[in-house]
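Worksheet for the structure shown next.
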Amino acid sequence: QSVPWQYLRWRRISRDEAKAVTSVELEGVASTQGLGKTFPNIVTVESSDDKLVNLDLSGCGDLKAVELNSASNVTVVNLDGCDNIERLDLSNAGELKSVDLSGKKKLATLALPQDTKVGGIKDTQLE
């Protein structure tokens with residue numbers, strides 16, 4: 001089930017409803033802090049919005065794919081606990097200076113702005 005994060009932030013939902021959410025569309029939000037605690041079964045995260053600054057996906061253990069089609073203002077990316085991630089597209093995150101990929105052993109596809117510093121790349125499937 002895919003649900004816009006903006007909608008979910010303001011609506012009270014049950015734990016069962018939160019567990020059923022597997023895909024989130026980020027629009028109109030500056031931060032995703034707490035996303036993993038609220039929606040523990042997120043598999044995909046997408047955004048086509050430039051308002052996002054803090055992409056905090058910590059605790060999203062089932063996360064497999066992140067695709068930010070427009071995220072020019074993202075400066076912080078937290079992937080702690082996202083050890084199942086396979087695809088990470090932050091190519092439009094022009095303000096992003098660094099990202100840590102430590103422990104991301106399943107990561108096979110990565111797109112970043114050219115000058116982004118990458119830590120932990122040896123842990124991934126990337127060559």
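Out of curiosity, is Val118 exposed (fewer than 15 other Cβ atoms within 10 Å of the Cβ) and either touching a residue at least 24 places away in the same chain (Cβ under 8 Å) or part of a strand (DSSP E or B) (or both)? Before you say what the answer is, go through the steps one by one.
Working: exposed (fewer than 15 other Cβ atoms within 10 Å of the Cβ): yes; either touching a residue at least 24 places away in the same chain (Cβ under 8 Å) or part of a strand (DSSP E or B) (or both): yes.
Yes: the conditions hold for Val118.
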What pairs can you find where one residue is in the range 17-32 and farther than 17 Å from Leu55 by Cβ, the other is open to solvent by 50 Å² or more (accessible area, probe 1.4 Å) and β-branched (Val, Ile, Thr), and their Cβ atoms are less than 8 Å apart, with a gap of 6+ or different chains? Ala18/Thr38
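Residues being open to solvent by 50 Å² or more (accessible area, probe 1.4 Å) and more than 18 Å from Val43 (Cβ to Cβ): count how many of those fall in the range 95-109. I'd like the intermediate steps shown before the answer.
Residues of the range 95-109 open to solvent by 50 Å² or more (accessible area, probe 1.4 Å): 95, 97-98, 100, 102, 105-106, 108-109.
With more than 18 Å from Val43 (Cβ to Cβ) added as a condition, the list becomes 95, 97-98, 100, 102.
Adding up the residues that qualify gives 5.
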Give the residues of the range 67-87 that are closer than 12 Å to Leu57 by Cα, of a type outside the set (S, T, N, Q) and either without any contact (Cβ under 8 Å) to a residue 12 or more places away in the chain or not in a loop (DSSP other than H, G, I, E, B) (or both), sorted by residue number. Val76, Val77
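The values are calculated or read from the model by the stated rules, or taken from the named source; none is laboratory data. Since we're looking at a predicted model, the values are computed, not measured. Neighbour counts are summed over all protein chains in view; Cβ atoms, including those assigned to glycine, are modelled from backbone coordinates with ideal geometry. Surface areas here come from the heavy atoms of the whole protein model, side chains and all, with no ligands, DNA or RNA. Shrake-Rupley method; radii C 1.70, N 1.55, O 1.52, S 1.80 Å.
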